[in-house]
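Beneath this line is the structure, given in structure tokens, with notes to follow.
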Number of protein chains: 2
Amino acid sequence: MQRLVLKELPRYECLVEASKQFPDLNPSACEAFMHLRRAGDEVSRVMDAHFSGHDITHGRFLIMMLLLEKKGADCPRPSTPAELADFASVSRATITGLLDTLERDGFVLREPNPADRRQMSVHLTPAGQAFMHTLLPVHFRLITDLMGNLSENERTTLAKLLTKISTKASDV
Amino acid sequence: MQRLVLKELPRYECLVEASKQFPDLNPSACEAFMHLRRAGDEVSRVMDAHFSGHDITHGRFLIMMLLLEKKGADCPRPSTPAELADFASVSRATITGLLDTLERDGFVLREPNPADRRQMSVHLTPAGQAFMHTLLPVHFRLITDLMGNLSENERTTLAKLLTKISTKASDV
DNA sequence: AGCTAATAGTTAGCATCCTAACCAATAAAT
DNA sequence: ATTTATTGGTTAGGATGCTAACTATTAGCT
């Protein structure tokens, strides 16, 4: 699961040059856009490599993350396939596939809900919890490392700028 | 081709709370990380939707972009499958698949290279060029829109911060 | 020259995620 | 109360990108 992204981004002057031919090309917008794609892709690569070293995938990890018991949790926690799909912005069919694998590996359990016989109730098994508690420190360590070139201030700035893009993107 | 990403990111206090349980969790690093993933994903969704409206995919578009004749081009241009794979940071097998489709659609031509009979030489057909020149204005317009919430300064700052992440990621 | 190693491209088979169609169960409407 | 619409979950089949194995050609060594 990879995205095609340019390895070497075009130099800014090339963008300016191209903007003469294409008036809709805004060099700074293009530059920001390409950097976003590349950084996202690089980070994905690192994370995927990390996950595959632990016989898990990004998708399965995220599902277990969502199912994980939170301490002092006022944060709502999804417990049905439909809720998981919603939290993870992914189709229900995808959740079915991920849960199949997680159940096969003994990390998750699906139980019917007597109150509404359409629904399934999903939880982590003890093995699933143990797995996560082994993996999470390494996982968080890796994220901390990845952001290691940025100061606290820069991280906050980055988050703010990226939010502006996400907001725009969701209503384009 | 989608990535699983949280729709609602956890609030900062939740991250701080969680960091008490997991000392390796750095709240600001985590926050920046998740924003990066989400923004990248949102932007990908918008672009993919745009592409599919023109019966093309991200991958095929990028290949055609790489093959496109550049005016005043001192920028090097790939012309063999191996070079395309390198420029796009993708496997050669993937390029084979993309070229198969592009060739079927009449956008690209593969020709043997008499000088080195292992190599193929790839170029856009006139139809491929025409297609790109129709699509590109819309494409650039969309990118400009997506970055529309950011000022010139913010775009530059964003690019700078993202570069720091890409740099770090490529040697983690 | 002739054998070995490296390189170009393709093929085969896998994983993830998608949409569309489907069945079962519940809710809503008359 | 019965019909109709909606919701939850799964299944089937497709697309993209991957790795590993394969063939053909070229380069390097002795």
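The values are calculated or read from the model by the stated rules, or taken from the named source; none is laboratory data. Predicted model only: the values in this text are computed from it and were never measured. When we count neighbours, we look across all protein chains shown, and the Cβ atoms used for this are built from the backbone with ideal geometry, even at glycine. Surface areas here come from the heavy atoms of the whole protein model, side chains and all, with no ligands, DNA or RNA. Shrake-Rupley method; radii C 1.70, N 1.55, O 1.52, S 1.80 Å.
One table, with the values for the structure above:
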{"item": "Residue-by-residue Karplus 3J(HN,Hα) for region A:50-65, coefficients 6.51, -1.76, 1.60, Hz, glycine and proline x", "result": "4, 4, 5, x, 10, 6, 9, 10, 3, x, 5, 4, 4, 4, 5, 4"}
{"item": "7 Å along Cα→Cβ, label-point gaps from A:Cys75 to other copies, nm, shortest first", "result": "4.0"}
{"item": "Two-site label geometry, A:Ser52 and B:Arg117: point separation in nm, points 7 Å out along Cα→Cβ", "result": "3.6 nm"}
{"item": "Reachable lysines from A:Lys164, criterion Cα separation under 16 angstrom, eight or more residues apart if same chain", "result": "B:Lys7"}
{"item": "Directionally averaged projected area (convex hull, Cα atoms, chain A), nm²", "result": "13.6 nm²"}
{"item": "Inter-copy label distances at B:Asp55 (7 Å, Cα→Cβ; nm, one decimal)", "result": "4.6"}
{"item": "Region B:10-53 - charge dipole about Cα centre, Lys and Arg +1 at Cβ, Asp and Glu -1, debye rounded to 20", "result": "40 debye"}
{"item": "Unit charges on C-beta of K, R, D, E only; dipole of region B:1-140, Debye", "result": "140 debye"}
{"item": "Percent RCO, i.e. relative contact order, over chain B, from Cα pairs under 8 Å lying at least 6 residues apart", "result": "14 percent"}
{"item": "Summed buried accessible surface, chains A and B, 1.4 Å probe, nearest 100 Å²", "result": "7800 Å²"}
{"item": "Set of aspartates and glutamates near B:Lys70 by C-alpha distance (under 14 Å), chain-local residues within fewer than 8 positions excluded", "result": "A:Glu13, A:Glu17"}
{"item": "Inverse mean reciprocal Cα-Cα distance (Kirkwood Rh) of region A:57-145, Å", "result": "13.6 Å"}
{"item": "Hull volume in cubic angstrom per residue (convex hull over the Cα atoms of the protein assembly as shown)", "result": "161 Å³"}
{"item": "Between region A:71-130 and region B:100-172, the Cα center-to-center distance that results, in Å", "result": "38 Å"}
{"item": "Shortest-first distances to equivalent copies, position A:His133, nm, label 7 Å out along Cβ", "result": "6.6"}
{"item": "FRET efficiency for B:Asn149 and B:Tyr12, using Cβ-Cβ distance with R0 set to 25 Å, rounded to 0.05", "result": "0.75"}
